[in-house]
Amino acid sequence: MARSSQARPERSIRGKEREVQAARTHTSGESLPADLDRLIHERIRLGIVSALAANRSLTFNELKSLLRTTDGNLSVHARKLEDAAYVVCTKSFDGRVPKTEYRLTPAGRRALERYLDHMEALIRTTRERER
């Protein structure tokens, strides 16, 4: 059966917001507090956001090298962050060589700060209970 040549319509902003909220609250077997940002909690995505918080921007190859991951893995995780408006991706050419550059958005920076505050509170609470 032939596939339709019609392009898939863009998802609405509300649809993206629902996806982000679902990613934040979804707990796939791992016990996480409901308000922990699941989108950032994933190891590669946390690495991307953290690296971009420490740098004005990074290229795809710089992130790939820094995080020691594959093209496909980085691409999938970066796209999820881009869909959530946590990072922006700029594609250009350096001569004939394609260049993909990522920057952290203000929303991404706020999300990282909330995530870090939450993790610090969890650590503090855990240490207090051990005493």
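Just so it is clear, none of the values below were taken in a lab; they were calculated from the coordinates. What you are looking at is a predicted structure, and each value in this text was computed from that prediction instead of being measured. Heads up, the Cβs are rebuilt from the backbone with ideal geometry, glycines too, and the neighbour counts pull from every protein chain shown.
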Amide proton proximity set for Val87, modelled H, under 5 Å, gap of 5+ = Glu82, Thr105
Table column - 3J(HN,Hα) (Hz), the stretch 113-123, Karplus curve with 6.51, -1.76, 1.60, x for Gly and Pro = 4, 4, 4, 5, 4, 5, 5, 4, 5, 5, 5
Residues whose built amide H sits under 5 Å from the amide H of Leu58, excluding neighbours closer than 5 in sequence, are Tyr102
How big is the charge dipole of the stretch 36-79 about its Cα centre, in debye rounded to the nearest 20, if each Lys and Arg gets +1 on its Cβ and each Asp and Glu gets -1 on its Cβ?
-> 20 debye
Coarse-grained scattering of the stretch 42-89 at q = 0.16, 0.17, 0.21 Å⁻¹, given as base-10 log I(q)/I(0) from a Debye sum over alpha-carbon atoms = -0.35, -0.39, -0.62
Amide H of Lys99: which non-local residues (sequence gap of 5 or more, or other chain) have their own amide H closer than 5 Å, using H built in the peptide plane?
-> Ser92, Phe93, Asp94
If R0 is 35 Å, what FRET efficiency do you get for Lys91 and Ile123 from their C-beta distance, rounded to 0.05?
-> 0.35
